[in-house]
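No lab work stands behind these numbers, since they all come straight from the coordinates. Note that the coordinates shown come from a computational prediction; the quantities given were computed from them, not determined experimentally. Virtual Cβ from ideal backbone geometry, glycine too; neighbours counted across all protein chains shown.
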Amino acid sequence: MNYLSTRDKSLNYDFKDIFLRGLAPDGGLFLPSEIRSYHKSELKNLSKLTYSDLATEILFNFCSENLSKDELRSVIKDAYKKFKDKEVVSIKKVGNINLLELYHGPTLAFKDIAMQVIGNMYDHLKVAEKKPVNVVVATSGDTGSAAIAALNDRKNINLFVLHPHNKISNIQRKIMTTIGSNNIFNLAIEGSFDDCQRVVKDLFNENDFREKINMSGVNSINWVRIICQIVYYFYAYFFLEKEKISFSVPTGNFGDVYAGYVAKKMGLPIDKLIVATNENDILQRVINTGEYKPDKVKPSLSPSMDIQVSSNFERLLFNILNKDDQKVATLMKSLKDNGSFKLNKEEVNEIKKDFKAEKISDSETLSIIKEVYNKEKFIIDPHTATAFGAINKIGELNNIVVLGTAHPYKFLETVKKATGKNVEPPHQLEKFMDKDEKFVIIENDNEKIKKYILNKIQ
């Protein structure tokens with residue numbers, strides 16, 4: 001299978017290339033030239049597999065040219081040894097809601113599910129064998145810690161994590177900044193997550209710098225993040241044994257919910273994908289009105305979703321525009337030059353075939369956490385709460401699965417404010433809490449960040 005760019009479908013890369021690059025050289029995002037669709041009989045066969053074997057079968061569709069199925073199976077099984085749940089994820093009833101718990105990995109966030117696989121792929125694909133790889137990642141809270149847990153102490157790999165200073169939870173920051181391995185560097189950027197993400201994209205687009213440091217990326221712009229997340233949509237469908245289901249997804253950068261969209265294109269009978277946003281509601285606005293116009297990032301109780309430029313939406317644009325790479329490039333140029341773009345009615349309707357979107361305020365988030373606890377004696381984190389809230393507002397779908405994206409302990413202050421209760425620390429996180437933190441505060445300035453990276457690797 002070959003891979004193309006959303007802005008130039010004439011480009012031709014293999015899986016290993018797009019894994020290492022992360023971002024296409026023209027600034028676009030990589031997509032496979034085709035996506036396999038499973039027949040009903042094939043879905044029945046897949047339903048009998050363990051989570052790891054299911055992941056092997058699904059991911060093999062996208063990387064068979066570079067990894068044998070046995071190699072891939074080894075990558076995946078080793079990746080999930082650190083997970084608390086033997087099936088990697090779990091599903092439980094919370095009232096009438098099916099909660100898909102995705103936070104049983106080493107950093108207690110759904111990001112672990114893809115990131116642990118990515119860490120092993122760096123070794124199996126031998127991308128750092130001849131020249132050290134320098135991974136640069138932006139995080140709104142959980143991606144950074146998951147990347148550190150996956151790449152910590154990896155031979156010939158350095159990891160530079162950019163997080164927005166004072167705009168993530170204290171526990172999210174501590175998990176990132178207390179591991180302390182010599183190949184990990186934490187940068188607190190004076191700005192928002194969007195600023196951090198812009199820096200990473202800018203560095204990828206500086207060809208000389210990218211080549212000089214052998215730069216790689218593990219944000220959700222990396223296609224491997226997406227394909228690892230496809231798996232739990234299949235798993236949930238098989239577990240529930242319903243003819244058709246919908247998913248409510250806390251959404252910031254559009255990667256997790258886009259994985260659900262790909263799962264649907266692969267033949268999974270998904271009715272609707274519900275995009276749950278906080279006050280940073282650009283996705284809710286564009287899905288409902290067609291206007292994509294980033295606003296100033298608003299700090300919220302669900303900080304991992306404090307995003308106004310949702311990178312993976314570009315992938316959806318490519319799909320709904322019938323792979324018109326030139327139109328995608330034009331829209332992205334308009335976003336860069338004019339600060340916005342506008343979709344027409346037909347394009348909006350095409351999105352609405354698969355997606356619904358709702359915005360949940362901070363006050364609503366607190367009320368939802370409180371209500372769930374009072375009724376069910378179960379505590380959810382604020383991001384998952386937005387997905388519960390979106391269902392309440394839509395209210396017309398059956399067999400809905402909510403993606404539970406993080407353990408509530410990571411948001412102690414918010415949970416206590418909502419419920420009056422303290423969350424006991426999971427044993428996986430206890431070791432981080434009393435360690436000294438290591439990070440530098442640095443201006444939101446590309447040149448200063450480049451200088452810092454170069455000083456650390458030379």
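Exceedance of the 27 Å cut-off in Cα-Cα distance is limited, within the set Lys296/Lys336; Lys9/Lys264; Lys48/Lys375, to Lys48/Lys375.
A straight Cα-to-Cα reach below 14 Å connects Lys323 with the aspartates and glutamates Asp8, Glu34, Glu314, Glu347, Glu350, residues fewer than 8 places away in its own chain not being considered. Near Lys9, the amide H atoms lying under 5 Å from its own belong to Asp325; only residues 5 or more places off or on other chains count, and H is placed 1.01 Å from N. What the phi angles of segment 359-368 give under the Karplus curve with 6.51, -1.76 and 1.60, with θ = phi - 60°, is a coupling list of 9, 10, 7, 4, 5, 5, 4, 4, 5, 5 Hz, glycine and proline written as x.
Overall shape: oblate for segment 23-169, with the ratio a/c of the largest to smallest alpha carbon gyration tensor axis at 1.5 or above and b/c at least equal to a/b. Note on Asn446 and Ser181: their simple-model spin labels are 3.0 nm apart, each label 7 Å out from Cα toward Cβ.
Taking one quarter of the surface of the C-alpha convex hull of the chain gives a mean projected area of 19.7 nm².
Let me know the shape class of segment 317-445, please: from the alpha-carbon gyration tensor, a ≥ b ≥ c as square roots of the eigenvalues, rounded when a/c is under 1.5, otherwise prolate if a/b is greater than b/c, or oblate. Verdict is oblate for segment 317-445. By the rule of a C-alpha distance below 28 Å, with chain neighbours fewer than 8 residues away ignored, the lysines paired with Lys131 are Lys16, Lys69, Lys77, Lys111, Lys155, Lys201, Lys212, Lys438, Lys448, Lys450, Lys451, Lys456. Could you work out how much longer the chain between Asp295 and Ser47 gets when fully extended? Use 0.36 nm per residue separation minus the Cα distance between them, nm to one decimal. 85.0 nm is the gain from fully extending Asp295 to Ser47. Just check segment 141-234 against the gyration tensor rule for me: Cα atoms, a ≥ b ≥ c as the square roots of the eigenvalues, rounded for a/c under 1.5, and otherwise prolate or oblate depending on whether a/b exceeds b/c. Cα axes put segment 141-234 in the rounded bin.
Straight Cα distances below 12 angstrom link Lys353 to the aspartates and glutamates Asp271, with same-chain residues fewer than 8 positions distant left out. Computed per residue of the chain from DSSP H runs no shorter than four, each worth -39500 (n - 2.57), the mean residue ellipticity at 222 nm is -14000 deg cm²/dmol.
For segment 376-421, applying the loop criterion from DSSP together with a ceiling of 10 other beta carbons within 10 Å to the trypsin sites (Lys or Arg not before Pro) yields Lys377.
Among the chymotrypsin sites (Phe, Trp or Tyr not before Pro) within segment 70-161, not one is in coil by DSSP while having at most 13 neighbouring Cβ atoms inside 10 Å. What you get for the chain, charging only the Cβ of Lys and Arg (+1) and of Asp and Glu (-1), is a dipole of about 440 debye around the Cα centre.
Whole-Hz Karplus values for segment 321-329 come out as 8, 6, 6, 7, 5, 5, 5, 4, 4 Hz, taken residue by residue from phi with 6.51 cos²θ - 1.76 cosθ + 1.60 and θ = phi - 60°; glycine and proline positions read x.
Each residue of segment 61-76 was assigned a 3J(HN,Hα) from its phi angle through the Karplus expression (A = 6.51, B = -1.76, C = 1.60, θ = phi - 60°), giving 4, 10, 9, 5, 6, 10, 9, 6, 5, 5, 4, 5, 4, 5, 4, 6 Hz with x at Gly and Pro. Put a plus charge on the Cβ of each Lys and Arg, a minus charge on the Cβ of each Asp and Glu, and nothing anywhere else: the dipole of segment 36-182 about its Cα centre is then about 240 debye.
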